[in-house]
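**Q** Sharing a structure, written as structure tokens. Questions coming.
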Amino acid sequence: MKMQIDKIPSVLKNVPLGSFVNISAKIPAKEGTIIMVEAGTDEGKLNVVDYVGGKLGKLWNKDRFPAVLGFRKALTEFAGVVPKKVEVGDELYLLCESGVVGEISGVFESWGRPMKVNVLGSITGANKTPLNLKDYKLNVQNKTFKQAPLIIFLGTRMDSGKTTMACKIGHNFSLSGKNVAGVKVTGVAFSQDLMKLKDAGVKSIYDFVDMGLPSTCNGNSDEVVDSALKLVTLANTHNPDCIMVEFGDAVLGEYHVADILQNDKFNSQITAVILAANDLAGIAGTIQILAKWGIKVDLITGPVANSKIGVNLINKYFQIPAESNQHEILKTLDILQHKIFNKK
């Protein structure tokens, strides 16, 4: 059976779909399965679609679009899982604007409930086998590339200012003639952070979707760590002067941030660490956790550093430089120029 697609979400960025796709009633209930769904009525916040290409649009009732079964375990917004069984006619929920869908496992109360979607079937390939996002991960060459220094961006929670600071650093380095690459190694699929980095002048950008993962909270730490290492390898194929590595979510959580940071191969490439924080206690806890893994924070930013008193308190309690990401970042650039390029 053929069915027409109305809109294509960004989680399908590497999957070559035409205007019409073949549909099957056989639906493997596993992460990455690509299914066709129909948008229900707008029940809450997520009547938005993050299109392939970066445009944000609106989902309307009865829109038919491809989606990917996946997990989300956010402390705010929504959490969801891949159901144990999926059949035509089932109702699932849009867990993220990028097209990740699943069964609701938790709702942040102030957000309401996400949009329902009705399952129409799996999308199949030429051999009539249901497609899976993992079939479309990018190829990583088995070659040795020069390892560029990593600037990593960590947060004490979601929406703490990591991307804002990364964009400002990327823009300044690009203006000075540096070849800057960027990777996002944890989180749930969403192209807007990647588009912001691109707008800032970062040339080569990858995320875990390029490794076939709709999110990094599937419980398989080995798979997520392997994805992170391969993303850094992909970035290194462009011979960058440095690679900015953003971690979605926080150090503690379900997205395997801690597993990546404790990996010896990844850990050995870290050159600078920027922590985005919302409060002083979050800074204290994160510093203690990172110290166990031999990781030292070089600069703190985010809402806690968006005032002079915040910067002063960070200096008082932690003796770590701090700077707001809301204006010029002269202090941040000085620190990174010294650590990354050995310039004062």
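**Q** Would you check which residues across region 186-211 are farther than 19 Å from D249 by Cα and open to solvent by less than 30 Å² (accessible area, probe 1.4 Å) and list them?
**A** A200, G201, V202, S204
**Q** Just a yes or no: is a residue in region 93-103 touching an Asp or Glu at 6+ places or on another chain (Cβ under 6 Å), small (G, A, S) and buried (at least 17 other Cβ atoms within 10 Å of the Cβ)?
**A** Checked against the condition, which is being touching an Asp or Glu at 6+ places or on another chain (Cβ under 6 Å), small (G, A, S) and buried (at least 17 other Cβ atoms within 10 Å of the Cβ), region 93-103 yields at least one hit.
**Q** State all residues of region 63-121 that are of a type in the set (V, I, T) and closer than 14 Å to I35 by Cβ; if no residue qualifies, say none.
**A** V68, V82, V86, V88, V100, V101, V117, V119
**Q** Could I ask something else about it? So which residues in region 235-260 are closer than 11 Å to V225 by Cβ and without any contact (Cβ under 8 Å) to a residue 40 or more places away in the chain, if there are any at all?
**A** A258, D259
**Q** Exactly one of (1) out of contact with any Asp or Glu (no Cβ under 9 Å at 6 or more places or on another chain); (2) open to solvent by 20 Å² or more (accessible area, probe 1.4 Å) is unmet by I283. Its number?
**A** Tallying (1) out of contact with any Asp or Glu (no Cβ under 9 Å at 6 or more places or on another chain); (2) open to solvent by 20 Å² or more (accessible area, probe 1.4 Å), I283 fails exactly one: (2).
**Q** Any residue in region 165-181 that is within 14 Å of the chain's Cα centre (by Cα) and on the phi > 0 side of the Ramachandran plot?
**A** Within region 165-181, none of the residues are within 14 Å of the chain's Cα centre (by Cα) and on the phi > 0 side of the Ramachandran plot.
**Q** Hey, any hits in region 165-180 for a residue that's touching a Pro at 6+ places or on another chain (Cβ under 9 Å), open to solvent by less than 10 Å² (accessible area, probe 1.4 Å), at pLDDT 95 or above and more than 30 Å from I283 (Cβ to Cβ)?
**A** Within region 165-180, not a single residue is touching a Pro at 6+ places or on another chain (Cβ under 9 Å), open to solvent by less than 10 Å² (accessible area, probe 1.4 Å), at pLDDT 95 or above and more than 30 Å from I283 (Cβ to Cβ).
**Q** Working carefully through the options A250, A272, A235, find the one that is open to solvent by less than 30 Å² (accessible area, probe 1.4 Å), among the hydrophobic types (A, V, I, L, M, F, W, C) and part of a loop (DSSP other than H, G, I, E, B).
**A** A250
**Q** Which residue out of T216, T233 is on the phi < 0 side of the Ramachandran plot and touching a His at 6+ places or on another chain (Cβ under 7 Å)?
**A** T216
**Q** Okay, next question. If I340 meets every condition in (1) part of a helix (DSSP H, G or I); (2) open to solvent by 30 Å² or more (accessible area, probe 1.4 Å) apart from one, which number is that one?
**A** For I340, the exception is condition (2).
**Q** Hey, among the residues in region 298-334 that are in contact (Cβ under 8 Å) with a residue 40 or more places away in the chain and outside any loop (DSSP other than H, G, I, E, B), which one's surrounded by the most Cβ atoms within 10 Å (Cβ to Cβ)?
**A** T301
**Q** So N142 ticks every box in (1) surrounded by fewer than 19 Cβ atoms within 10 Å (Cβ to Cβ); (2) in contact (Cβ under 8 Å) with a residue 12 or more places away in the chain but one. Which box is left unticked?
**A** Looking at each condition in turn, N142 falls short on (2).
**Q** Sort out which residues of region 1-49 are touching a Pro at 6+ places or on another chain (Cβ under 7 Å) and among the hydroxyl-bearing types (S, T, Y), and write them in order of number.
**A** S24, T33 - these are the residues of region 1-49 that are touching a Pro at 6+ places or on another chain (Cβ under 7 Å) and among the hydroxyl-bearing types (S, T, Y).
The values are calculated or read from the model by the stated rules, or taken from the named source; none is laboratory data. Because the structure is a prediction, the values reported are computed rather than measured. Neighbour counts run over all protein chains shown; Cβ positions are idealised from the backbone, glycine included. Keep in mind that these areas ignore ligands, DNA and RNA; they rest on the heavy atoms of the full protein, side chains included. Shrake-Rupley method; radii C 1.70, N 1.55, O 1.52, S 1.80 Å.
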